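What follows is a single structure, written as structure tokens, with notes after it.
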Amino acid sequence: MLGKVLKDIYRRTSAAGASVGEEESAPKAESLADEIRRLAKDIELRAREVRAATNNINTANVIRLVDFELDRNPRFNDERRLLKYGFQVNSQNAEDGMIHEIFSRIGVGKRIFAEIGISDGTENNTAFLLSQGWTGFWVDGDQTFRRMLGARADLQGGCVKSLVEFVTRENVADLFAELGVPEEFDFLSLDIDQNTYYAWEGLATYRPRAVVVEYNALLPPDVDWKVHYEPNRVWNGTSNFGASLKAFEILGRRLGYELVGCDFIGVNAFFVRSDLVGDLFAAPFTAENHYEPPRYALSHRRGHRTAILDRAYPTIVPTS
């Protein structure tokens, strides 16, 4: 397709160029410029078509792999693994389903969440919980999500308390205290790219029942590594971010948590408080057992444009 367009460009601009050489006229030059602009638009249109077709093929391959082939791999046949239970409503990948499965096993408490790293409010790890009647707390350095909340009548009344603040290891516990996050609640999600490891470290006095963190899947499962801590440092889009799964395993165990799974794309790691694990999840609870490599190219969204579903239950203001 692209070759045909390029040949067309050569044919049409060569003819126009020859004509310009003969006439040496400004109108001919302008006509050539218009022709090039039209061809450029045509190339962009064709390129969009190619990208759309490629995305459709990629999505189809992922669906075939995840929906029909994953169970054939002995690694994923254990019913205690979380991977096969994944589904996507508001999460980036299949985290919604894995979170749902965790609470179907350990039970749902007061249905209170806290999440740091909200994006625009429609794509994160707690938006689906919010639509199911959970209440909670959002913290992000960008206030975009607040515009979304303000436009939704069913999300008023205190079902989400929020702060717009840049999060560090030093201030994260104070931010939770300001919001009124109880020391023990159901679910914590952390995704601030560069310093996620240190943000969890700063919440050592809090005891959520389950935790999800973003890990750096480029590091192999036996390597304990984390970025040097600088409070104001932000991710620069390179592979030098966050911490390895092994580093999170060690930190989690120090804080009283066991690693129980990772999502298939290799983005998020799931932890459950040690006193709730029992034999409900796939042991051993190590990075070597639960590591998933980076499969970022397989990340995709099924269905229509993301939105928080209508909240199904009356608002209950979270209390400590």
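The values are calculated or read from the model by the stated rules, or taken from the named source; none is laboratory data. The model shown is predicted, which means the values in this text are computed figures rather than measured ones. Quick reminder, even Gly has a Cβ in these numbers, built from the backbone with ideal geometry, and neighbours come from all protein chains shown.
Quick one: count up the residues across the range 76-88 that are crowded, with 21+ Cβ neighbours inside 10 Å and part of a loop (DSSP other than H, G, I, E, B).
The qualifying residues number 2.
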**Prompt:** Scanning for something closer than 19 Å to Ser244 by Cβ and touching a Gly at 6+ places or on another chain (Cβ under 6 Å), does the range 168-179 turn up at least one residue?
**Reply:** yes
**Request:** Can you tell me which residue within the range 71-127, out of those that are among the hydroxyl-bearing types (Ser, Thr, Tyr) and touching a strand residue (DSSP E or B) at 6+ places or on another chain (Cβ under 9 Å), is modelled with the highest pLDDT?
**Result:** Thr126
**Request:** Of the numbered conditions (1) part of a loop (DSSP other than H, G, I, E, B); (2) surrounded by 22 or more Cβ atoms within 10 Å (Cβ to Cβ); (3) at pLDDT 95 or above, Phe271 fails exactly one; give the number of that condition.
**Result:** (1)
**Message:** loosely packed, with under 15 Cβ neighbours inside 10 Å and among the acidic types (Asp, Glu): which single residue out of Asp222, Asp263 fits that description?
**Reply:** Asp222
**Complete:** Of the candidates Phe128, Phe137, the one satisfying the condition of being within 22 Å of Val172 (Cα to Cα) and either surrounded by 24 or more Cβ atoms within 10 Å (Cβ to Cβ) or in contact (Cβ under 8 Å) with a residue 40 or more places away in the chain (or both) is Phe137
**Request:** Count, please, the residues in the range 132-145 that happen to be small (Gly, Ala, Ser), closer than 19 Å to Val108 by Cβ and at pLDDT below 95.
**Result:** 1
**Complete:** Only unsatisfied item for Gly303, checking (1) at negative phi; (2) not assigned by TED's automatic domain parsing to the domain that holds Asp142, is (1)
**Message:** Just the residues that are assigned to a strand (DSSP E or B) and polar (S, T, N, Q), please, taken from the range 92-143.
**Reply:** Thr135
**Item:** Cross-chain or 6+ apart pairs with Cβ under 8 Å, the range 235-250 first and at positive phi, then among the basic types (Lys, Arg)
**Value:** Gly242/Lys226
**Message:** Can you pull out every residue in the range 177-200 that is more than 20 Å from Cys159 (Cβ to Cβ), surrounded by 18 or more Cβ atoms within 10 Å (Cβ to Cβ) and charged (D, E, K, R)?
**Reply:** Asp191
**Message:** Could you go through the range 148-164 and let me know if any residue there is basic (Lys, Arg) and within 28 Å of Leu245 (Cα to Cα).
**Reply:** no
**Asked** So Arg146 clears everything in (1) of a type in the set (D, E, K, R); (2) within 21 Å of the chain's Cα centre (by Cα); (3) part of a loop (DSSP other than H, G, I, E, B) except one condition, right? Which one?
**Response** (3)
**Asked** For Asp154, are the conditions met, namely being under 23 Å from Glu258 (Cβ atoms), in the same structural domain as Val277 (by TED's automatic domain parsing) and touching a residue at least 60 places away in the same chain (Cβ under 8 Å)?
**Response** no
